[in-house]
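The values are calculated or read from the model by the stated rules, or taken from the named source; none is laboratory data. Predicted, not measured: the structure shown is a model, and the values here were computed from it. Methodologically, a virtual Cβ is constructed for each residue, glycine included, from the backbone with ideal geometry; neighbour enumeration extends over all protein chains shown.
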């Protein structure tokens, strides 16, 4: 039995995203003596690592992306905060605590700092209506319910292959719709189609998926994306033109929830992300201190 | 091998000793493998469920476990409304309205631990507004929370339902049901995601909700 004796302690800050904004928030949270956990589906600073050259980050007139990324990751490692390579899926404020659910765990935070990066994710037509009627995002949670059924997995990212492989253990048939080129780890029993999904079919109950190459019938559709659209992750979050609205303290409209970096809007620059990460952490610290005062 | 890992045992022993007030009885309904076939029953996890609660009982003098062989005609089964196996009924100072059907393993084990503590204290940490809403319910309410042990979101739904039952045991009964152990219910309710919550067979919704939203759904179901 994999046991969890009790939900882990409430963190002062749960930081979602391990890019420059998230790691800067972590370093500054540490400086304010807060406890924190950092969650990202990819390794820390994965995006910056691929930049061939950065020429406008102060102190580094000409730095390779990988050089900056390594410095950032090393600096973060000094905080001693845990890094969880998990996909954040749902954020639910519960009184003075904010719950962050990933594909594997739930983390409680007194505050949450969102540093998702740019994610122009849009839901498929029919996706929202079919949620809970055959559309799912979590094979670990819901896979067992599709025992003996026909299932389609839409993979926008290679992690979808792993999810499809896990489903193959339950479902009668699994079809993997890949929106990207190189599918490398898919189980041989799974039918692979390269296509762009266009809509989820069925209103009261999922009946299939339509794509630009045709329709597939299915009892369930699992959608595996790099990130969930902000608004479906955190209900009520104020978003404008795909960016999270924040004030100068990087506070969102939801108490205890802050945002920093590319997800708050242009310019999409490392320096801006690092600065916002710092402001968000300091604002989170103020919020936590106030809570502590209220509790004592 | 123990069902509860060693490192958790020590933590739980301390937690129960610090936080439990009154004794709690867990009534475990199971059926021996040889008796299942004749009765047309399959209880895949009866043995493991029994072991989990036995190990829990060893961690605190205040946790008592009553083992019952399931018999559909027995008075206690009728009184407690047990209709699936394995079943655990968590009884605090008040009559039990908190049930688990299926093995309380994985993430769900933490819910059971929290329920034991709450039942022992006869109180929960639902917000005051929600408590007021819940205590105001004066009609029989049956909440079923379908979950899987691998679902990180499920314990919060299970907990809210059970907390409501602890706050208002006269009217609210709440069941946590491990969906994959009861495929006929997966078909009946056309479950496609967990947690899915069914209230009085009238309102069905899924996903992680706040305690406030959950309470609103209960009130809505009662008005339906």
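Does residue B:193 satisfy the condition of being crowded, with 22+ Cβ neighbours inside 10 Å, free of Cβ contacts under 8 Å to residues at least 40 places away in the same chain and either facing chain A (nearest Cβ under 10 Å) or at negative phi (or both)? So residue B:193 fits the description; yes. Elements of the type helices (runs of 4 or more DSSP H) sitting completely within region B:1-93 and holding at least 2 residues that are under 17 Å from the mean Cα position of the chain (by Cα), within 14 Å of chain A (Cβ to nearest Cβ) and modelled with pLDDT of 85 or more: these cover B:46-57.
Restrict the check to region A:23-30 and report whether at least one residue is crowded, with 21+ Cβ neighbours inside 10 Å and within 16 Å of the chain's Cα centre (by Cα). Taking every residue of region A:23-30 in turn, at least one turns out to be crowded, with 21+ Cβ neighbours inside 10 Å and within 16 Å of the chain's Cα centre (by Cα). The set of residues in region B:109-133 that are at pLDDT below 90 and more than 9 Å from chain A (Cβ to nearest Cβ) comprises B:122, B:123.
Look at (1) part of a strand (DSSP E or B); (2) surrounded by fewer than 16 Cβ atoms within 10 Å (Cβ to Cβ) and you find that residue A:74 fails only one, number (1). Looking only at residues of region A:153-163 that are in contact (Cβ under 8 Å) with a residue 24 or more places away in the chain, over 22 Å from residue B:181 (Cα atoms) and touching a helix residue (DSSP H, G or I) at 6+ places or on another chain (Cβ under 9 Å), we find that the one that is surrounded by the most Cβ atoms within 10 Å (Cβ to Cβ) is A:153. If only residues of region B:94-108 that are within 14 Å of chain A (Cβ to nearest Cβ) and at pLDDT below 90 are counted, the one that is surrounded by the most Cβ atoms within 10 Å (Cβ to Cβ) is B:107. Summed over region A:91-101, the residues that are surrounded by fewer than 22 Cβ atoms within 10 Å (Cβ to Cβ) and either in contact with a strand residue (DSSP E or B) (Cβ under 9 Å, 6 or more places away or on another chain) or touching a residue at least 12 places away in the same chain (Cβ under 8 Å) (or both) give a count of 5.
Take the conditions (1) closer than 30 Å to residue A:171 by Cβ; (2) within 14 Å of chain B (Cβ to nearest Cβ); (3) modelled with pLDDT of 90 or more; residue A:97 misses just one of them, which is (1). The set of residues in region B:133-143 being assigned to a helix (DSSP H, G or I) and either out of contact with any helix residue (DSSP H, G or I) (no Cβ under 9 Å at 6 or more places or on another chain) or closer than 17 Å to residue B:210 by Cα (or both) consists of B:133, B:134.
Listed conditions (1) exposed (fewer than 15 other Cβ atoms within 10 Å of the Cβ); (2) at pLDDT 90 or above are all met by residue A:2, apart from (2).
Considering only region A:104-124, state which residues are surrounded by fewer than 20 Cβ atoms within 10 Å (Cβ to Cβ) and within 11 Å of another protein chain (Cβ to nearest Cβ). Once the filter is applied, which keeps residues that are surrounded by fewer than 20 Cβ atoms within 10 Å (Cβ to Cβ) and within 11 Å of another protein chain (Cβ to nearest Cβ), region A:104-124 yields A:104, A:105, A:108.
Residues in region A:133-145 that are surrounded by fewer than 24 Cβ atoms within 10 Å (Cβ to Cβ) and closer than 19 Å to residue A:197 by Cβ were compared, and the one that is nearest to the other protein chains (Cβ to nearest Cβ) is A:133. One residue stands out in region B:144-176 among those that are more than 14 Å from chain A (Cβ to nearest Cβ) and in a helix (DSSP H, G or I): the one that is surrounded by the fewest Cβ atoms within 10 Å (Cβ to Cβ), namely B:167.
For region A:101-195, the strands (runs of 3 or more DSSP E) that sit wholly inside it and include 1 or more residues that are in the same structural domain as residue A:16 (by TED's automatic domain parsing) and closer than 30 Å to residue A:249 by Cα are A:106-114.
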